[in-house]
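Worksheet: the structure to be examined is printed underneath.
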Amino acid sequence: MFPKVALAASGLLAVFSLGMSVFLARDLLAKVPQKDSTQKLRLHFGLYLPESRNAYFAELADGARRGAAKSEAALSVHYVDFHGKTLGIAAGTGVDGIVVCPDLADDSVLENLAQLRAEGLAIVLADHNIAATQPWPFVGTNNFDFGKKAGGVVARECSRSVSIAVVYTDKNPSLYAERELVEMGVSAAFRNLPYSASVMGMKTDSNPRAAEELVYQLVRSRELPSAIVFTDEDDTIAGTQTLIDLNLVGKVQIVGFGRSPEIFSLIRKGVISATLGVRPELIGYDAVTALAELCETGYTSNSVDVDIDVITAAEISSASGSDGGQP
């Protein structure tokens, strides 16, 4: 008799415990906000990048994704082929608008952009602008300012007329596309000085180590300039290392590009005078938020300039001393 009573009591206790667990789980779930899986994003954007898939454009894409999240928009990333065919079918993808980082094939890209705008698609250009009768909304750096700041770094360390080689690259097409503005900016830095600068442009391809061969060519040709201005992070590192290997440190002033730890280390050692720091993630972020504004209101700023920082050993030391971060 007793075992049957005990068994019944155990059964009732188990049922009671199960019921309490169900009610407790219900209460806990009620207190946790649940994301509505059926909630739809308000907008869908496309980001069109050059085929050069380097760190610069990867950072720009990361910034664009943050901008899309803030704007409650979905973002798909595409790469523009040389003749712009992928861009030409953008309207058929169902997007509300696109951010385009034009490559060097400006004529075909411009034709596609004009057609897309005629079809009513919202468009913002990022990193590199293209001249048009009706200006495009643009987010990026001022390339004349880039050249002027690079020239200013060289001018601060020289006391005579100098020759400056600006090394453009397929890895950063926007600066090469507006190279006249860059070189005008470099020359402008010497305008009020008693000495001048002769500026020549050179170019590397998409190979991360292409600057090595370019430096060797300069040495073999006996036309080593007084200063070299790089426009890409990989070229800065590869070209500077070649100058170190050739024992030319101190004979050629170097102005770098980018914010990598390797470049900061070379600045601390006095090998590189300064680096020009552009924030591609901020370009991507601002471009997408501008596109969201354009889609929602029909208006946005014609041009948003993203600052270019001149980073020297003093700025690196100050940033490291204040919060352990980087400038």
(message) Looking at the stretch 170-327 only, what percent of DSSP beta bridges run antiparallel? Nearest 5 please.
(response) 35 percent
(request) Rank by packing, highest mean first: peptides 57-63, 287-293, with packing defined as the count of other Cβ atoms within 10 Å averaged across residues. (result) 287-293, 57-63
(request) Determine the sum of side-chain charges near Pro280: Lys and Arg each +1, Asp and Glu each -1, restricted to other residues whose C-beta is under 9 angstrom from that of Pro280. (result) -3
(request) Pull up all non-local amide H partners of Ile123: gap of 5 or more, or a different chain, and H-to-H distance under 5 Å with H placed in the peptide plane. (result) Ile98
(message) For the pair Asp307/Arg53, report the inter-label distance in nm, with labels modelled 7 Å from Cα in the Cβ direction.
(response) 3.4 nm
(request) Mind ranking 174-182, 217-225 by how tightly packed they are, going by the mean number of other C-beta atoms within 10 angstrom, highest first? (result) 174-182, 217-225
(request) With a point put 7 Å past each Cα toward its Cβ, work out how far Thr86 is from Ser159 in nm, to one decimal. (result) 5.3 nm
(request) Extending each Cα 7 Å along its Cβ direction at Ala188 and Tyr79, get the distance between those two points in nm, one decimal. (result) 3.5 nm
(message) Can you compute the label reach from Leu41? Point 7 Å from Cα along the Cβ direction, backbone N cut-off under 11 Å, restricted to the stretch 53-78.
(response) 65-77
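Laboratory data are not the source of any read-out in this text; all were calculated from the coordinates shown. Only a predicted model underlies this, so the values are computations on that prediction, with no experimental measurement involved. Backbone-built Cβ (ideal geometry, glycine too); neighbour counts: all protein chains shown.
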